[in-house]
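The values are calculated or read from the model by the stated rules, or taken from the named source; none is laboratory data. Model, not experiment: these values are computed from the prediction. With ideal geometry, Cβ positions are generated from the backbone for all residues, glycine too; neighbour counts draw on all protein chains shown. Surface areas here come from the heavy atoms of the whole protein model, side chains and all, with no ligands, DNA or RNA. Shrake-Rupley method; radii C 1.70, N 1.55, O 1.52, S 1.80 Å.
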2 protein chains.
Amino acid sequence: MTKIPMPGTPVRGSKSGAPIMALFDLLGRHWAMGVLWTLSEIGPSTFRRLQQECETISPAALNTRLKELQAAGFVHRVESGYAATDLGLQLYRQLLPLGSFSKQWAEHLSNEGTPISGPTKPEA
Amino acid sequence: MTKIPMPGTPVRGSKSGAPIMALFDLLGRHWAMGVLWTLSEIGPSTFRRLQQECETISPAALNTRLKELQAAGFVHRVESGYAATDLGLQLYRQLLPLGSFSKQWAEHLSNEGTPISGPTKPEA
DNA sequence: TAGATTGCTATAGAAACTATAGCATATCGT
DNA sequence: ACGATATGCTATAGTTTCTATAGCAATCTA
């Protein structure tokens with residue numbers, strides 16, 4: 001198993017294990033935020049369902065991610081598979097603003113990003 | 001170079017390139033959030049300084065991360081090295097609540113203690 | 001009993017990250 | 001001018017992590 005980052009213990013990038021760095025270590029793994037996001041959006045779901053929603057994730061990675069998220073207390077097993085815990089939903093809510101920010105970011109990039117062959121499309 | 005995730009182009013986990021998934025792909029790389037966070041906190045700084053603040057990051061990874069963050073428009077070069085852009089600071093501000101959340105999370109973990117157990121107490 | 005669905009493991013190869021050394025340029029003190 | 005220092009960054013090697021795919025054991029369904 002991969003080592004699961006926990007606040008207070010040395011994590012990648014912080015020997016002190018500062019909570020924020022532990023959280024970044026946990027969330028800064030491929031698909032970690034995506035899994036929590038997806039699970040929060042679609043609600044309790046089976047392993048397979050989650051795997052489908054996460055398009056390209058491999059079962060091994062999904063399983064690892066789920067175990068980490070469980071150990072962290074963000075996800076738990078339920079009758080019908082997996083679900084976000086209250087704490088997990090709380091984290092999801094903290095992540096929510098990133099949704100609209102990402103759209104703003106996408107706009108910013110399409111405005112400034114490609115000086116080549118831009119389909120002269122100035123937005124209002 | 002590593003492929004830099006951009007909204008609108010296929011990213012890891014989303015062939016559609018949904019902005020949020022592109023952002024997750026970018027931020028879900030080791031040290032991506034840590035670098036932005038640190039750079040925002042300490043202000044404009046040199047490559048070496050940043051490397052020291054990020055305790056264990058390797059120069060290769062830092063360089064890759066910086067290039068990605070630059071391409072994304074979150075970081076730019078300045079006289080004295082590197083600095084977060086306005087957009088980058090905006091993202092940092094979105095990430096800020098994670099700071100206090102992570103402390104709450106650390107508390108939660110020290111209260112519940114046992115990582116592996118039966119159905120945890122979801123609510124009181 | 002056969003089929004479908006579930007959670008998950010196995011394996012191999014590719015990609016990413018760490019650790020460390022070191023280069024080329026620029027700036028500094030003398 | 002000359003060495004010492006600091007800068008941004010590359011090179012190499014070894015480890016870890018992720019993807020892709022196949023498939024197994026257990027549980028339901030009929």
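Would you work out the relative contact order for region A:19-104, in percent, from Cα pairs under 8 angstrom that are 6 or more residues apart?
Averaging sequence separation for qualifying contacts and normalising by length gives 29 percent for region A:19-104.
Taking all protein chains together and rolling a 1.4 Å probe, residue A:65 ends up with roughly 30 Å² accessible.
Per residue, region B:45-110 exposes 49 Å² of accessible surface when a 1.4 Å probe is rolled over the protein heavy atoms with every protein chain present. Chain B and chain A together bury an accessible surface of about 4200 square angstrom, both sides counted, with a 1.4 Å probe and no ligands or nucleic acids included. For region A:20-109, GluC sites (Glu not before Pro) are listed when DSSP marks them as loop and at most 10 other Cβ atoms sit within 10 Å of their Cβ; the list is A:79. Remark: for residue pairs B:67/B:103; A:67/B:67; A:103/B:3, the C-alpha separation exceeds 26 Å in B:67/B:103; A:67/B:67.
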